[in-house]
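Please treat every number below as a calculation from the coordinates, not as lab data. Remember, predicted model here, so these are calculated numbers, not experimental data. Counting neighbours? That spans all protein chains shown, and the Cβs are built from the backbone with ideal geometry, glycine included.
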Amino acid sequence: MEVRWAILLIILGTAIVTFIPRVLPLMVLSRFELPEWGIRWLSFIPISVMAALVGQEILMADGEISLSAGNVEILAAIPTFFIAIKTRSLLATVLTGIISLMILRFLF
Amino acid sequence: MSLSNAEIESAVNPSDEDSFVLGVKDCIPTLLGYLSIGFAAGVVEKTAGLSIAEIALLSFVLYAGSAQFIAAGMIAANSSTTAIIITIFFVNVRHILLSAALSPYFRHLSPFKNMLIGTLLTDETFGVAINKAAHKRNISEKWMHGLNITAWLNWVMANIAGAYFGNWISNPEKFGLDYALPAMFIGLLVLSILGRKKIKLDVVVAIIAVVISVGISSVFSSSLGVIAATIIASTIGMVLEKWK
């Protein structure tokens with residue numbers, strides 16, 4: 001049950017760089033108005049960042065593009081997207097993803 | 001004459017604000033989602049070689065789902081401390097938007113109190129809070145703390161439970177647990193697209209982001225891929241929307 005020095009440094013460092021974007025806009029923007037184009041630009045960020053992360057997670061393996069039919073993570077994304085759109089539930093989506101991949105890895 | 005009853009009431013009676021306990025109750029629908037992802041995160045962190053004390057501290061202090069999966073993967077791959085911190089910064093810099101979007105509803109609070117609100121901000125608590133804000137001018141400070149603290153403690157407990165469970169699992173991939181993260185990203189992507197009324201434009205922006213992200217990551221690093229894709233795709237989205 002020990003905490004290694006190197007891990008503690010990683011925890012503190014990542015926590016600080018996460019804390020700043022979490023608190024700074026709340027502290028500062030409650031004093032200022034953002035320009036209209038700024039709000040418009042910010043409104044696309046959740047979609048862009050999530051799409052970028054999804055792309056890396058399912059279309060790549062070990063830093064290389066992996067588009068073959070043997071990539072079960074792409075196949076598992078199909079029911080996962082379907083359930084996400086149908087149910088709009090984060091829990092149902094996560095469970096569908098885990099179970100689909102488990103079944104696919106068992107089959108292939 | 002345009003004031004609704006709710007607005008008149010909140011102006012007349014400031015003691016009518018939402019309580020801490022109501023914030024706890026409003027958090028409950030998200031708890032199961034948190035539990036499953038936190039549990040999977042705990043298992044993945046454990047199999048990446050972290051001790052239970054380290055996992056407890058990580059989920060308590062960093063408190064960010066996707067960042068913890070990525071940090072665990074990078075620790076397992078022996079990445080440098082600097083590389084891990086820079087990557088997590090890029091992964092979490094999106095909180096700027098969530099924090100910015102909530103800021104108009106906390107104008108009644110001091111910067112210090114706003115800092116306390118923002119410290120525990122996540123995608124899920126943001127989602128609950130912004131829905132609450134749809135009917136109000138202000139969000140109650142106590143209500144927001146009730147929501148935030150409930151989600152936070154639940155996350156830490158789920159991580160620790162996953163970490164204990166991880167003792168018996170040597171290979172989380174076999175059970176598909178490593179897919180909790182991509183599945184959560186898929187869920188958040190779908191929810192953020194369906195929550196707006198610009199589906200065609202949003203799908204175009206998402207496809208552009210995927211292509212840029214994968215293209216740049218295969219040549220340079222994955223963190224550069226994410227940040228370049230986010231900046232370029234968001235800018236294209238902003239311009240396309242303006243020209244329509």
message = Hydropathy at least -0.5 by Kyte-Doolittle, axial extent at least 15 angstrom from the Cα trace: which helices of chain A, defined as entire DSSP H runs, fit?
response = A:5-29, A:45-59, A:72-87, A:90-107
query = In what sequence do A:LEU9, A:LEU67, B:LEU120, A:LEU101 fall when counting other Cβ within 10 Å, fewest first?
reply = A:LEU67, A:LEU9, B:LEU120, A:LEU101
remark   = Per residue of B:214-220, other chain Cβ atoms within 10 Å number on average 4
request  = Give the dimensionless ratio obtained when the Cα radius of gyration of chain A is divided by 2.2 N^0.38 Å.
outcome  = 1.49
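Beyond 29 Å, how much of the Cα-Cα pair distribution for the protein assembly as shown remains, as a whole percent?
Roughly 39 percent, rounded to a whole number.
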ask   = What Rg and what Dmax come out for chain B when only alpha-carbon atoms are used, in angstroms?
value = 19.9, 66
message = Given points 7 Å out from each Cα along the Cα-Cβ axis, report the B:PHE112 to A:LYS86 separation in nanometres with one decimal.
response = 5.2 nm
message = Give me the inter-chain shielding for B:131-139: mean count of other chain Cβ atoms within 10 Å, whole number please.
response = 0
note = Rounded to the nearest whole number, the per residue volume of the convex hull around the C-alpha atoms of the stretch B:66-160 in Å³ is 104 Å³
Residue order, fewest to most beta carbons within 10 Å, for B:HIS95, B:HIS135 = B:HIS135, B:HIS95
task = For a quick protection proxy, order the peptides B:28-37, B:220-229, A:36-45, B:183-192 by their average other-Cβ count within 10 Å, most packed first.
result = B:183-192, B:220-229, B:28-37, A:36-45
ask   = Taking the Cα-to-Cβ direction at B:ILE149 and at A:ARG31 and moving 7 Å from each Cα, how far apart do the two end points lie in nm?
value = 2.8 nm
remark   = Output for the stretch B:91-122: trypsin sites (Lys or Arg not before Pro) sitting in coil per DSSP, at most 13 other Cβ within 10 Å, listed by number, reads B:ARG107
remark   = Here the gain from full extension of B:LYS25 to B:ASN167, 0.36 nm per residue of separation minus their alpha-carbon distance, amounts to 47.8 nm
query = Just counting partner chain Cβ atoms within 10 Å, what average do the residues of peptide B:26-35 show around their Cβ?
reply = 2
Packing rank of B:210-218, B:76-84, A:91-99, A:52-60, where each peptide gets the mean count of other beta carbons within 10 Å, highest leading = A:52-60, A:91-99, B:210-218, B:76-84
request  = Please give the FRET efficiency for B:PHE220 paired with A:LEU12, using the beta carbon to beta carbon distance and R0 = 25 Å, rounded to the nearest 0.05.
outcome  = 0.35
key: With Cα atoms, 0 to 90° folded angle of helix B:199-219 axis to chain B main axis   = 30 degrees
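Return the equivalent ellipsoid semi-axes of the stretch B:197-244 as a descending list in whole Å, where each equals the square root of 5 times an eigenvalue of the C-alpha gyration tensor.
One finds semi-axes of 22, 10, 7 Å for the stretch B:197-244.
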key: Taking only Cα atoms of the stretch A:46-107, radius of gyration then Dmax in Å   = 12.0, 34
ask   = So how do B:VAL205, A:VAL23 line up by other beta-carbon neighbours within 10 Å, fewest first?
value = A:VAL23, B:VAL205
key: Pair B:ALA83, A:ILE78: separation of 7 Å Cα→Cβ label points (nm)   = 3.5 nm
task = Run down the lysines and flag those whose C-alpha is under 25 Å from the C-alpha of B:LYS132, throwing out any fewer than 8 positions away in its chain.
result = A:LYS86, B:LYS25, B:LYS113, B:LYS142, B:LYS197, B:LYS198
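Given a cut-off of under 8 Å on Cα pairs at least six residues apart, what relative contact order in percent is computed for chain B?
31 percent
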ask   = How much FRET efficiency would the formula 1/(1 + (r/R0)^6) give for B:ALA134 and A:ARG4, where r is the Cβ-Cβ distance and R0 is 35 Å, rounded to 0.05?
value = 0.15
